[in-house]
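S.K.: One structure follows; several queries about it will come next.
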Amino acid sequence: MDYSAAIAHLQAADPILATAIARSGPCTLWQDRQTGDLLESLAESIVYQQLSGKAAGTIHRRFLALYPHMAHPTAAEILATPDELLRSAGLSRAKALYIKDLAQKVLDGLPNLTELALLEDDAIIRTLTQVKGIGKWTAEMLLIFRLHRWDVLPVDDLGIRNGIRLLYSLPELPDKKTMLRIAEPWRPYRTIASWYLWRSVDIQAMGQGG
């Protein structure tokens, strides 16, 4: 994936972000791209909601281990799995419900990734948020990491808010209006800018840890 045009635009449009880009180095967003179909991607996103990466990873592995005969369960297999078995893998009652609702909607004809790729970002978000437990943030993560859309700004993401507060020396976390104003010059590459915001927060955390 060639990010050179996006990075050149961002550097010219925003000197503060340009400094962060220089500090962070080449964008490696393509390396973080998710694999698998829509059911796999969204089920994993549901597992990871509101948990640390380490804890969520453990639960996700236990969930997949419930289906040892294949890499990922089908929608029909998930629906046939007793709730108690899903709970035994570490899923909360709510997340077990969400994953089953996702599986049912897949069987009912939820568009697959190929079909979603034909839609505009807003239409994809509207489609996916019909699934219980899939909010705008989860849909935006799919747009960024699975469908590789170029102009997504997840205004509800804490890392993005922290990144803007850090880079622009704000006294507190920015609200949505402030974020949209600051990000306006980044169009049509707000996804790439978002990656650099996440990276800036990581770099600061590593510096503090050292």
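S.K.: With respect to the numbered conditions (1) exposed (fewer than 13 other Cβ atoms within 10 Å of the Cβ); (2) assigned to a loop (DSSP other than H, G, I, E, B), which one is the sole condition not fulfilled by ALA22?
M.R.: ALA22 satisfies every listed condition except (2).
S.K.: Out of the residues in region 1-33 meeting the condition of being of a type in the set (S, T, N, Q) and within 21 Å of the chain's Cα centre (by Cα), tell me which one is farthest from LEU147 (Cα to Cα). Before the answer, list the steps.
M.R.: If we filter region 1-33 for residues that are of a type in the set (S, T, N, Q), which is where we start, we get 4, 11, 19, 24, 28, 31.
Those still in the list that are within 21 Å of the chain's Cα centre (by Cα) too: 24, 28, 31.
On the way: SER24: 24, THR28: 15, GLN31: 13 Å.
Checking each candidate, the answer is SER24.
S.K.: Scan region 183-196 and tell me whether some residue there is modelled with pLDDT of 95 or more, surrounded by 20 or more Cβ atoms within 10 Å (Cβ to Cβ) and of a type in the set (Lys, Arg).
M.R.: The answer is yes; a qualifying residue exists.
S.K.: Here's another thing I want to ask about it. Of the residues ARG87, ARG93, ARG61, only one is closer than 21 Å to MET141 by Cα, loosely packed, with under 15 Cβ neighbours inside 10 Å and either outside the structural domain of LEU158 (by TED's automatic domain parsing) or free of Cβ contacts under 8 Å to residues at least 12 places away in the same chain (or both); which? Before you say what the answer is, go through the steps one by one.
M.R.: Details: ARG87 fails: closer than 21 Å to MET141 by Cα; ARG93 fails: closer than 21 Å to MET141 by Cα.
So the residue among ARG87, ARG93, ARG61 that is closer than 21 Å to MET141 by Cα, loosely packed, with under 15 Cβ neighbours inside 10 Å and either outside the structural domain of LEU158 (by TED's automatic domain parsing) or free of Cβ contacts under 8 Å to residues at least 12 places away in the same chain (or both) is ARG61.
S.K.: Out of region 133-149, which residues are surrounded by fewer than 16 Cβ atoms within 10 Å (Cβ to Cβ) and part of a loop (DSSP other than H, G, I, E, B)?
M.R.: Within region 133-149, GLY135, HIS148 meet the criteria.
S.K.: Do you know which of the residues in region 113-132 that are assigned to a loop (DSSP other than H, G, I, E, B), in contact (Cβ under 8 Å) with a residue 12 or more places away in the chain and hydrophobic (A, V, I, L, M, F, W, C) is farthest from ASP151 (Cα to Cα)?
M.R.: Going residue by residue through region 113-132, those that are assigned to a loop (DSSP other than H, G, I, E, B) are 117-120, 129-132.
Subsequent filtering for residues that are in contact (Cβ under 8 Å) with a residue 12 or more places away in the chain retains 117, 130-132.
Those left that are additionally hydrophobic (A, V, I, L, M, F, W, C): 117, 131.
Working: ALA117: 14, VAL131: 23 Å.
This residue is VAL131.
The values are calculated or read from the model by the stated rules, or taken from the named source; none is laboratory data. Quick caveat: nothing in here was measured; it's all calculated off a predicted structure. With ideal geometry, Cβ positions are generated from the backbone for all residues, glycine too; neighbour counts draw on all protein chains shown.
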